[in-house]
Amino acid sequence: MATHRSYALWSYCGRRWSRVMRCCRLAGFRSSWPRGPLGVRHLSQEKQATETHFGFETVSEEEKGDKVYHVFESVAKKYDVMNDMMSLGIHRIWKDMLVWKMHPFPGTQLLDVAGGTGDIAFRFLNYVQAQHKGKLKRQLRAQQNLSWEEIARKYQNEEDPLGGSRVVVCDINKEMLKIGKQKARAQGHKAGLAWVLGDAEELPFDDDKFDVYTIAFGIRNVTHIDQALQEAHRVLKPGGRFLCLEFSQVNNPLVSRLYDLYSFQVIPVLGEVIAGDWKSYQYLVESIRQFPSQEEFKEMIQDAGFEKVTYESLTSGIVAIHSGFKL
Ligand SMILES: COc1cc(O)cc(C/C=C(\C)CC/C=C(\C)CC/C=C(\C)CC/C=C(\C)CC/C=C(\C)CC/C=C(\C)CC/C=C(\C)CC/C=C(\C)CC/C=C(\C)CCC=C(C)C)c1O
Ligand SMILES: C[S@@+](CC[C@H](N)C(=O)[O-])C[C@H]1O[C@@H](n2cnc3c(N)ncnc32)[C@H](O)[C@@H]1O
């Protein structure tokens, strides 16, 4: 309880400061000031400037990066099976909903940050492939007088089954990417897919490059969330969309009670039994409690310069999808 109260106060100070920063940015200043809670920079708190959270632990910012790296290096091989076990497959529906919400148009250039083992990228490729096939079928149906030879030629000439869409998966952890690449081979994904080792806080891409930026269950692990959001804004084209799937605040008291019991009593046990790693799964449930609420996170997205920011809570707010546009 005390942790939650102090976090709420810390987070409130951070949000107030974000507002000041936003005004400064609008007035033409760029930020390179010392940081505070949730990665927001504070001038008056030099002492805490390098401290942050790793679950319920207070650690230095450098330590947090290393610890997060170690967590995903350790769980990479069991990551997918753990997700199915912990959520009884529900994480798959949440990820499907993210891609349905994106509703990519033909030729969409997607950047999936913290993309790990590729779940969002593969869904995107399946979606655009199905969409493109559907379009081709409709076109052929509209030209009913074509001979079978003409139809066969039309299909063969279609060199790009993705209709020009592309996805880049970017992640800081090479073990997660390694598993992702193995999965891609097994699922037959090759074209339109690239894997890049990179940090969400300092993306190795030019400005105005992508139509959509996604981050699923990733931003909670980033040390300076504000910087990651600014990077998302930078790499998106004008008109581009930011979409984030992340754990959020449960809005039903009964579900919240059961979810807390499940999180703290069951998930680390599953982590130990399946992945041989209690600590990483304890970090998972603790980091979920440290992440801002739907409204707080919405403000942070707005502070990074996104407009028309909205969110949708799923499964009683266990997770939420936030959306924003670079206009
Ligand atoms: C290291 O960092 C990470 C590692 C990763 O592998 C993944 C991530 C990122 C995370 C994901 C991609 C998604 C991972 C998914 C979750 C963390 C799980 C989210 C949880 C749910 C969808 C279920 C929510 C559960 C509830 C609302 C409460 C229902 C719970 C109960 C009825 C059980 C209450 C528990 C007790 C009383 C404790 C004693 C119980 C037992 C020993 C029995 C154990 C029971 C089970 C195993 C059944 C579990 C039941 C469900 C999953 C129920 C589903 C139902 C609903 C959604 C309503 C990452 O960062
Ligand atoms: C819970 S996994 C999510 C993977 C995938 N998006 C999914 O939905 O299954 C979190 C991922 O975030 C990555 N990550 C953590 N910090 C990062 C950072 N600063 N930049 C890029 N990726 C990061 C981890 O390496 C890990 O692969």
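The values are calculated or read from the model by the stated rules, or taken from the named source; none is laboratory data. Since we're looking at a predicted model, the values are computed, not measured. Methodologically, a virtual Cβ is constructed for each residue, glycine included, from the backbone with ideal geometry; neighbour enumeration extends over all protein chains shown. SASA here: full protein model, heavy atoms, side chains in, ligands and nucleic acids out. Shrake-Rupley method; radii C 1.70, N 1.55, O 1.52, S 1.80 Å.
Solvent-accessible area per residue in the range 125-258 equals 53 Å², computed with a 1.4 angstrom probe and all protein chains kept. With all protein chains kept in place, the per residue accessible area of the range 57-96 amounts to 55 square angstrom at a probe of 1.4 angstrom. For the residue pairs Lys174/Lys209; Lys133/Lys183; Lys209/Lys298, alpha carbon separations are all held to 25 Å or less. With each label modelled as a point 7 angstrom along the Cα→C-beta vector, the Ser87-Ala152 pair spans 4.5 nm. Per-residue extension of 0.36 nm, minus the Cα-Cα distance of Ser74 and Asn251, leaves a gain of 60.5 nm for this segment. Taking loop as defined by DSSP and a crowding limit of 14 other beta carbons within 10 Å, which trypsin sites (Lys or Arg not before Pro) in the range 124-208 fit? Answer by residue number: Lys190.
Using a simple spin-label model with pseudo-atoms 7 Å out from Cα toward Cβ, Asp207 and Trp100 lie 3.8 nm apart.
Compactness of the range 204-327, taken as the C-alpha radius of gyration over 2.2 N^0.38 Å, stands at 1.17. Between the residues Gln265, Gln294, Leu284, the greatest Cα displacement towards the positive end of the dipole of the range 247-300, with unit charges on the Cβ of Lys, Arg, Asp and Glu, is found for Gln265. The mean sequence separation of alpha-carbon pairs under 8 Å and at least six residues apart, normalised by the residue count of the range 82-137, gives a relative contact order of 33 percent. For the Cα trace of the range 147-288, dividing Rg by the Kirkwood Rh returns an Rg/Rh value of 1.10.
Relative to one another, the C-alpha centroids of the range 303-327 and the range 101-124 are positioned 17 Å apart.
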